[in-house]
Amino acid sequence: QVQLVESGGGLVQAGGSLRLSCVGSARTLRSYAMAWFRQAPGQEREFVAAINWGGGSPLYEDSVKGRFTVSRDYTKNTVYLQMNSLKPEDTAVYYCARGSGSYYYEGIPIDIWGQGTQVTVSS
């Protein structure tokens, strides 16, 4: 069964840091763009960051630029989201997702979603 498994969420004070991890099989991750989305209570799921096959040219939603960093480790079949200077408005369930191609673009079909990991930032 093809799947993505996220971990690393938790409760942190404003200004703190967390690192989310998304693990899949080599076959699941290899050659695909990977992305992170988040969904806060009562809101729609929104794009956070993406990284293409090969790791170049990461993309970020404007509110997280300069604070979040997306990366991938092919040897560990893992995609990371390093989140620094966290704010209460970053509170959400964070989802790892696989794009249906090698390069991310807005609206790219997502063919695999992780189960999500909760991030809560207290003020």
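Add -39500 (n - 2.57) for each DSSP H run of 4 or more in the chain, then divide by its residues: what number comes out at 222 nm, to the nearest 500 deg cm²/dmol? Please report the intermediate quantities before stating the final value.
Values: 1 runs with 4 residues, N = 123.
Counting only the DSSP helices, I get -500 deg cm²/dmol.
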quick shape note, the chain: Cα extents on principal axes in Å, largest first -> 40, 26, 25
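Read-outs throughout are calculated quantities, based only on the coordinates presented, and are distinct from any laboratory measurement. For clarity, every value in this text was computed on a predicted model and none was experimentally measured.
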